[in-house]
Each structure stands twice: as C-alpha cells, then as structure tokens.
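Here the structure comes first, spelled out in structure tokens, and everything after it is commentary.
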Amino acid sequence: MHERRYDGTIERLRSPERVDRLEVERVVSLCVENGSVATVLDVGTGSGLFAEAFARHGAQIAGVDVNPEMLDAARGFVPEGDFREGVAEGLPFPDGRFDLVFLGLVLHESDDTLKALKEARRTTRQRVGILEWPYRDQPFGPPLSDRLNPKDLEGFFRTAGFKAWNATDLSNTVVYLLEI
C-alpha cells in the first residue's frame, strides 16, 4: 500500500482556482514542445486533469493512480484513456512505451523518489516532464518539509540516468523536463 494518497474531492482537484494556479495548458505546452509526443503516461493522474489536457493536444493517454475512485473519475473525463491502478515506483507498462511520462505534483508524494524517477525513465522513449511545487513556503501546496530541494533533485536526475534536464519556473510551480 502506498503511504501517501490524496483523500480530497474531485471537485477540489478541478476547481477553477486550482486549474488557474497550476497553469495546466502552459504546463502541457512546455512538456510537448520541441518533440513529437503521441503517447503520454500521466503518473498520479488523479481525476485526469492533465491527461485530459494532453488528450486535447492529440496524445494517446494512459494513467496510473493509487486511488481507484480517482481512476473512475479520470475515465469519465478521458474515456479513451488506459487508466490502471499503480504507483510511481512500479509502473505497469513495458520499457519505452511512451513518448512522455508526466508526473504532475506527485514526485514529492512518492515513497521512493529515485525509484519513481527510474521507473519514469524506463517507460519513456523521449522525455519525462515533472510538475512540482517550488522549494519555498507558499500559502498553498504542501509544507516546505514535503517539497523537493532542487539540488537533491539534480542528484536524483543524474543517478536515474537522465542525460539532460532543465527547469522552468512558473507563477506557482516548476516544470522540469528530463531527456534520456
């Protein structure tokens, strides 16, 4: 059983304020630019908010989440998606299956950050996109003690076998793009 899981409502995940705060369309555009992204795995898909946005960009969608109720919601928003119960540290897909593996506000929730990154790398053939909270106190999101320090992340990226990465600071979050 995964130690951490979201226990709030689907409505809260999809509230207009949260969608605006997360800049969903901008995040998706950053993740797919300069690449041919036909297949996306949304790790920690929740209600499928990002999966739905990737689908609007023409991608074939798969998603995993530890919460079966969230998977039911994601299927409602993206009926053509392949949604499965699973954890970031053990993705139920073969090697190199996806053009993009996306972890939206889930890496800081994983039980083993390095293992989650290795699984993301294993299942992608191009890149991994990570949306995370910045390493600073904010009036929303998790406390600073639960956020990922960028210096630690760079060590994890290197150890997981990524050759290059960059970070883009948004208003309230950070997008990391990792290349294999």
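All of the numbers you see were taken from the coordinates with simple rules; none came from a lab. Computed from a predicted structure; not experimentally measured. No Cβ is skipped: glycine too gets one built from the backbone with ideal geometry, and neighbour counts run over all protein chains shown.
Within region 143-153, the set of residues being surrounded by fewer than 15 Cβ atoms within 10 Å (Cβ to Cβ) and assigned to a loop (DSSP other than H, G, I, E, B) comprises 143, 149.
Scanning region 154-180 for residues that are outside any strand (DSSP E or B) and without any contact (Cβ under 8 Å) to a residue 24 or more places away in the chain returns 154, 155, 158, 163. Just one of (1) surrounded by fewer than 21 Cβ atoms within 10 Å (Cβ to Cβ); (2) touching a residue at least 40 places away in the same chain (Cβ under 8 Å) trips up residue 85, so point out which. Looking at each condition in turn, residue 85 falls short on (2).
If you check residue 100 against the conditions, is it outside any helix (DSSP H, G or I), touching a residue at least 60 places away in the same chain (Cβ under 8 Å) and on the phi < 0 side of the Ramachandran plot?
Numbers: outside any helix (DSSP H, G or I): yes; touching a residue at least 60 places away in the same chain (Cβ under 8 Å): yes; on the phi < 0 side of the Ramachandran plot: yes.
It is true that residue 100 is outside any helix (DSSP H, G or I), touching a residue at least 60 places away in the same chain (Cβ under 8 Å) and on the phi < 0 side of the Ramachandran plot.
Taking the stated definitions as given, is residue 28 within 13 Å of the chain's Cα centre (by Cα) and either closer than 28 Å to residue 171 by Cβ or charged (D, E, K, R) (or both)? The answer is yes for residue 28.
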